[in-house]
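Only one structure is covered here, and it is reproduced in the block below.
The values are calculated or read from the model by the stated rules, or taken from the named source; none is laboratory data. Given the structure is predicted, the values throughout are model-derived calculations rather than measurements. Neighbour counts are summed over all protein chains in view; Cβ atoms, including those assigned to glycine, are modelled from backbone coordinates with ideal geometry. These accessible areas exclude ligands, DNA and RNA; they are computed on the full protein's heavy atoms, side chains included. Shrake-Rupley method; radii C 1.70, N 1.55, O 1.52, S 1.80 Å.
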Amino acid sequence: MSRPAGPLVPEVVGRSFFDRPAEVVAPELLGCVFTHVSAEGPVGVRLTEVEAYEGERDPASHAFRGRTARNAVMFGPPGYAYVYFTYGMHFCVNLVCLGEGTASAVLLRAGEVVEGVDLARARSRPGAPVRDLARGPARLTKALGIGRDLNGADVCGVAGPLRLYAPEPGGSATVEVGPRTGVAAAPDVPWRFALAGEPTVSPYRRHAPRNRR
DNA sequence: TGCATGATGTTCT
DNA sequence: GAACATCATGCAC
């Protein structure tokens with residue numbers, strides 16, 4: 001498609017983009033700008049690190065044991081946000097891939113805040129450097145102000161609070177591939193994708209088993 | 001600079 | 001009742 005020359009109006013990513021396996025969608029999400037417009041204002045994050053999760057063939061996925069009330073969104077149509085609560089205090093956000101009945105999703109792990117920096121910082125910690133605001137999946141949702149109420153929100157709709165914009169053309173970035181971070185199961189599957197050389201990308205950490213008391 | 005640990009709630013077995 | 005796709009903090013070196 002074409003658009004008239006003028007100010008940069010980034011294109012909203014369409015639903016067909018997500019109607020593909022997560023491990024295919026994931027690397028293409030890098031560089032996209034994910035925005036949440038709330039009552040407080042807009043915050044946008046340029047994605048620098050993501051992870052792919054498949055359904056029943058991926059033991060690290062929430063959908064591994066089949067459909068439940070919590071992961072129902074993952075089994076739904078593509079282009080929606082799956083938000084879940086974990087570790088008693090953190091939210092993480094996924095973008096659902098593939099069609100109805102297939103649990104495929106991409107976890108957004110980290111990004112660089114490119115819009116609404118002040119708001120993002122206020123939600124995080126005053127004085128925090130910009131590159132720390134969305135470094136890590138839980139911080140990313142915090143910076144964007146994403147909570148449980150956005151579970152199942154449409155990412156492809158122009159009217160919704162969540163939107164995903166295609167990266168500006170011309171930027172060729174090197175994509176780094178590696179094992180997923182922090183997962184207890186299938187730690188060696190290379191489905192973690194990151195932009196090389198980005199300071200917002202968290203260092204690789206293997207899942208740390210917790211001592212029980 | 002790097003590791004170990006506690007906080008905290010939802011979900012599933 | 002245990003595990004968990006995490007983060008911030010404290011302490012050792």
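Annotations for the structure displayed:
- Size of charge dipole - region A:15-195 - debye, nearest 20, with Cβ of Lys, Arg +1 and Asp, Glu -1, no other charges: 480 debye
- Residues whose amide H lies under 5 Å from that of A:GLU176, counting only those 5 or more places away or on a different chain, are A:ALA194, A:LEU195, A:ALA196; hydrogens are built 1.01 Å from N in the peptide plane.
- Relative contact order for region A:15-195, counting Cα pairs under 8 Å that sit 6 or more residues apart, in percent: 27 percent
- Radius of gyration over Kirkwood radius for region A:15-195, both on Cα atoms: the Rg/Rh ratio is 0.94.
- Per residue, the convex hull around the alpha carbon atoms of region A:82-159 comes to 109 Å³.
- Averaged over its residues, region A:15-195 has an accessible area of 43 Å² per residue, based on protein heavy atoms and a 1.4 Å probe.
- Other-chain or far-sequence residues with amide H under 5 Å of A:TYR82's (modelled H): A:ASN94, A:LEU95, A:VAL96, A:GLY152
- ³J(HN,Hα) computed for each position of region A:44-61 - Karplus, 6.51 cos²θ - 1.76 cosθ + 1.60, integer Hz, glycine/proline x: x, 10, 8, 6, 10, 8, 9, 9, 9, 10, 9, x, 5, 8, 10, x, 8, 7
- Separation in nanometres of the label points that stand 7 Å from Cα toward Cβ, at A:ALA173 and A:VAL130: 1.4 nm
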